[in-house]
1. Antiparallel versus total DSSP beta bridges in the chain: what percent is that, nearest 5?
2. When the Cα centres of the stretch 622-641 and the stretch 224-278 are compared, how far apart do they sit, in Å?
3. Putting +1 on Lys and Arg Cβ atoms and -1 on Asp and Glu Cβ atoms, find which of 534, 314, 465 reaches farthest to the positive end of the dipole of the chain.
4. With an 8 Å Cα cut-off and a minimum separation of 6 or more residues, compute the relative contact order for the chain in percent.
5. Which of rounded, prolate, oblate describes the stretch 185-233, given a ≥ b ≥ c as roots of the alpha-carbon gyration tensor eigenvalues and a/c under 1.5 marking rounded, otherwise prolate only if a/b is larger than b/c?
6. Using a simple charge model, +1 on the beta-carbon of Lys and Arg, -1 on the beta-carbon of Asp and Glu, nothing else, what dipole does the stretch 364-458 show about its Cα centre, in debye to the nearest 20?
7. Pull up all non-local amide H partners of residue 503: gap of 5 or more, or a different chain, and H-to-H distance under 5 Å with H placed in the peptide plane.
8. Which of rounded, prolate, oblate describes the stretch 298-428, given a ≥ b ≥ c as roots of the alpha-carbon gyration tensor eigenvalues and a/c under 1.5 marking rounded, otherwise prolate only if a/b is larger than b/c?
Amino acid sequence: MKRDLRAAPITADDAIIARALESASIPTLMMSLIHVTGDASLLRGPIRPQRAVMGEVHGGLPEAERAEVRRQALAALRAYRDRGCKLPPPPELKTVREMMSFMVGEPVPDEYAPMMLEEMELDGEDQRALRWDGVPEERRSAFHVLVVGAGMSGILAAIRLEQAGIPYTVVEKNPAVGGTWYENRYPGCRVDVANHFYSYSFEPNEWVEFFSQRNELFAYFERVVRDYGVRDKIRFEREVTSASWDEDAGRWDVRLRTRDGGEERISANAIVSAVGQLNRPSIPDLPGRERFAGPSFHSAEWDDAQELRGKNVAVIGTGASAFQLVPEVAKQAAKLSVFQRSPAWMTPNAIYHAKVSDGKKWLLRHLPAYARWYRFLLFWPGSDGLLPSLVIDPSWPHSERSVNALNEEQRVMFTAYLASQVGDRPELLAKVTPSYPPFGKRMLQDNGSWLGALKRENVDLVTCGIREITKGGVTDNDGVHHPADVIVFATGFHTNKFLWPMRVTGRGGAVLSERWGDDPRAYLGITVPDFPNLFCLYGPSTNLAHAGSIIFHSECQVRYAMSCLKGLLESGKRTMDCRRDVHDAFNAKLDETLARMVWSHPGMNSWYKNAKGRVIATSPWRLVDYWGWTRDANLADYRLS
Ligand code: NAP
């Protein structure tokens, strides 16, 4: 099914249009007007958006200019409505490129334009879906792909396989789709990447909030599997335990465990692993843990049965999950003790919990191309623009606290935010101010809810470390006992063990987990020598920590995997195995690049690093490079047989 990305016709009266325009993002509105009128003279007019910055959607225009654009828009939309919503021919590519640079107030280099055009789908064409007409039907139907996982990236793989006409099965360990958005249901759980961008490029949604809560995201993924007709191919409550490459058959022999403990087998020509990086809960082995008398659980295994109202609660960890659940738990608990091992940098985000107003929804629904340009406006300022601030400058004199002059500016800005929120509590300010460079660990967001929660009278931020867990609480390293009826472990995931706990055995008996140890590597984060016809989504070194959304990255990876399969089927061969020299050369470049990035800074630990301090999770590449490398597979990178 292809979603109709065209705008709904306008039938509203002038007053309704005018009211909706009050909430318009002005640069986005200007772009839509060019589609509505066919007149691009706005691009040469006096009203010009300034350089786009993340979180600001008006191009820094003064109110008088905003009002003028709204005035012009009302007239143009009225005329558009009155002529039956007929659109002039769409702007030519040359004009669209001009529009891009105009909208974000800086030149959008030529190398980015194709990527952004693909992302925006202005013509309503899903440009990331490959054309399969050239591959004989009988070759496609004789091939079977197993997708492991029905989360965000597994669903995407299923959609592409469905469109390609390649038989496939998706297996999912949970009873529902959504992966992380199914499993995480702690109070306050929501995405912290803007949703009008954190959504499939080909499948917009009418979001209730800018940063949706878990239920809305889960509903989105449920709807997508239904709308794209892939639900019937998903076999729920089945977990892959092992996959072994059968050289003679040129197929994977896969074993599954069903929820009732039974075993099933599937034979597949190829496997797409879509198991995620952040879903195997890690609970630290703190002394005395087994002695605790009350309930304790991990943030990703939230126990709804536990009433927290009026209880003493301990939350261990202060990462992204804790940032969201602590403000909610603080409202209920009698006493909340939060155990912080290291503080996180955070960016202020005023609309983090805001609803999308009716006016904005109306604009997104009715204004031609408005939603697509809005997506571009969200994407661009966070695109590769941030990357230079994350590269270590070897001559930078303050290397203990920042990695270059731009990073120092960020540090000053984020420190000022902390001071603005908790400056009246110097002791708390000292506790929440990181000493390492910004962006070294996962950046978090705050609209006052996290820091506000820490200031509450019933909340105590403990930073001296945990000595032991007792029957009735947690004793810190200063010997202070913090009584707790319930302990929540917001302590993250087994992030160093990609594809774990599956046992994947490739050519010549190579076992993936042994090959990798805690130093996993893949070509483009996707393919591994000696593991033919295996494609990893969100594999090693593909987490995005500088820009984009993980959905954007998955779209790149799925396209690459599909392009590999297409090449393979076109060639008439059965198997493809990444060349070792290609893999090694890629990884040498990867190591060299990562060593210069802020995440490698020795001043902090994070889930991006392994025990030796090598960054294994995060991608250092410019989005535009990764997008380019994954667009079309080069079969010369593989041994085909
Ligand atoms: P996390 O970022 O790995 O945080 C784990 C926390 O537990 C850290 O504060 C860590 O301290 C602490 N910790 C771990 N072991 C400990 C120990 N032995 N003693 C004391 N403290 C300990 O895990 P997370 O918060 O679940 O987030 C993981 C990732 O999931 C995020 O980075 C993000 O990518 C994703 N996520 C996203 C969202 C969102 O979109 N809104 C929400 C939740 C999660 P240290 O910092 O000192 O290691």
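Every number in this text was worked out from the coordinates using simple rules, so none of it is lab data. Since the structure is predicted, the reported quantities are computational estimates derived from the model, not experimental observations. Glycine also receives a Cβ, built like all others from the backbone with ideal geometry; neighbour counts cover every protein chain displayed.
1. Working: 31 of 67 bridges.
About 45 percent, rounded to the nearest 5.
2. 25
3. 314
4. Averaging sequence separation for qualifying contacts and normalising by length gives 17 percent for the chain.
5. Details: a/c = 2.71, a/b = 1.48, b/c = 1.84.
Because a/c hits 1.5 or more and a/b fails to exceed b/c, the stretch 185-233 counts as oblate.
6. On the way: 11 positive and 9 negative charges, 100 e Å.
It works out to roughly 480 debye.
7. Distant-sequence amide H within range of residue 503: 242, 243.
8. Working: a/c = 2.25, a/b = 1.10, b/c = 2.04.
Judged from the Cα gyration tensor, the stretch 298-428 comes out oblate (a/c at least 1.5, b/c at or above a/b).
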